[in-house]
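Each remark here refers to the structure printed beneath this line.
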Amino acid sequence: MAGESAYTKRLTAETKMDKIEELLEHFNLPPEVITSIRKNQKLIIFGLVLLLIFTVTFSLYTSYRKKIVQEGASALAVAVQEPPEKRMEALAAVVEKYGSTTSAQWARIEIANLNMKNGDYNSAAQEYLNELKETDDSNPLYGLLLFGAGQALESEKKYDEAAAQYNLLKELKGYEHIGYIGLARIEEVQGNFAKANTTYNNFLLNVGDDPSAARARAEIESRIARLKMKMSKK
C-alpha cells in the first residue's frame, strides 16, 4: 500500500508534468502559450490526429490519381493505334474508364475526328460542342474545338451555327485567318461572292503590315484573286 500513497501519486504526476513543461520550454515558448497548450492539449491532440489522417489520405489519393493518369495515357496510346474498325470502340473504352483524365478528353476529341472522317457530321458537331462547354477559352484546345465544331456544322449545312463558331475563332490569337476563311467560305458556298470578298478584305485590314501574319496574308490574297476570277465569270 505504501507504493500507492498520496505522496507517491503526487510525485508521479509532477514528474510527468515536469517532462511536458521541459519539452515546451525547449521551444522557448512564452509562459501564456505553454499554459494555453496545457489547457487545450486534448483539442490539440485531436487536431493533430485529423491532420495526420488528412495527410495520409491526400498522399494515397495523389498516388492513386497519378496511377490512373498514367494508365489512361497508356490506354489512349494503344487505342489510337488500333485498326480503324476497332479504334472507335477502343477510344470509347478509354472515355468510360478514365473519364476524369486528360486522356479521356483527347479520346472524345479523337472520336469526333473519326466521326468527321466517316461523314457523321452531326455526331462530330455534338462531340466538339460538348467539349467546348467544358473547356475554358484560355485552354490551347479551345481553338481546335471551335474549328472542329465550325467544320462539322458547315458540313451539315448549318451555316448560321457554323458562322457563330468561326466568329469566335477569328477573335482568337493565332486562329484569326482560319476564322475569316471559314466565314468567307460559308458566304462563297451560298453564292454570296461579294460578302465573301468583303470578309477576306476585312482580315487584311485587321492585320495590316504585321510581319507575323505574312503567311496568312498571302493565303488570303490568293483566295481573293481566285474569288475575283469566279466573280468575273458569273
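The values are calculated or read from the model by the stated rules, or taken from the named source; none is laboratory data. The structure displayed is predicted, hence computed values, not measured ones. Every residue, glycine among them, receives a Cβ derived from its backbone with ideal geometry; neighbour counts consider all protein chains shown. SASA here: full protein model, heavy atoms, side chains in, ligands and nucleic acids out. Shrake-Rupley method; radii C 1.70, N 1.55, O 1.52, S 1.80 Å.
At a 1.4 Å probe radius, carbon and sulfur cover how many percent of the accessible area of region 78-234? Write out the running numbers ahead of the final one.
On the way: 4440 of 8960 Å².
Accessible surface attributable to carbon and sulfur in region 78-234 totals 50 percent.
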To the nearest 10 Å², what's residue 181's accessible area with a 1.4 Å probe? 10
Loop only by DSSP, 15 or fewer other Cβ within 10 Å of the Cβ. Give me the GluC sites (Glu not before Pro) in region 106-198 that pass, ordered by residue number. 134, 156, 171
What is the distance, in nm, between label points placed 7 Å from the Cα along the Cα-to-Cβ direction at residue 60 and at residue 100? 1.5
How far is it, in nm, from the label point at residue 228 to the one at residue 160 when both lie 7 Å from their Cα along the line to the Cβ? 3.4
Just to be sure I understand the model, the point goes 7 Å from the Cα along the line to the Cβ. What's the resulting residue 45 to residue 70 distance in nm? 3.9
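Could you state the accessible area per residue of region 153-234 in Å², with a 1.4 Å probe and every protein chain left in place? Display every interim value, and only then the final one.
On the way: 4890 Å² over 82 residues.
On a per-residue basis, 60 Å².
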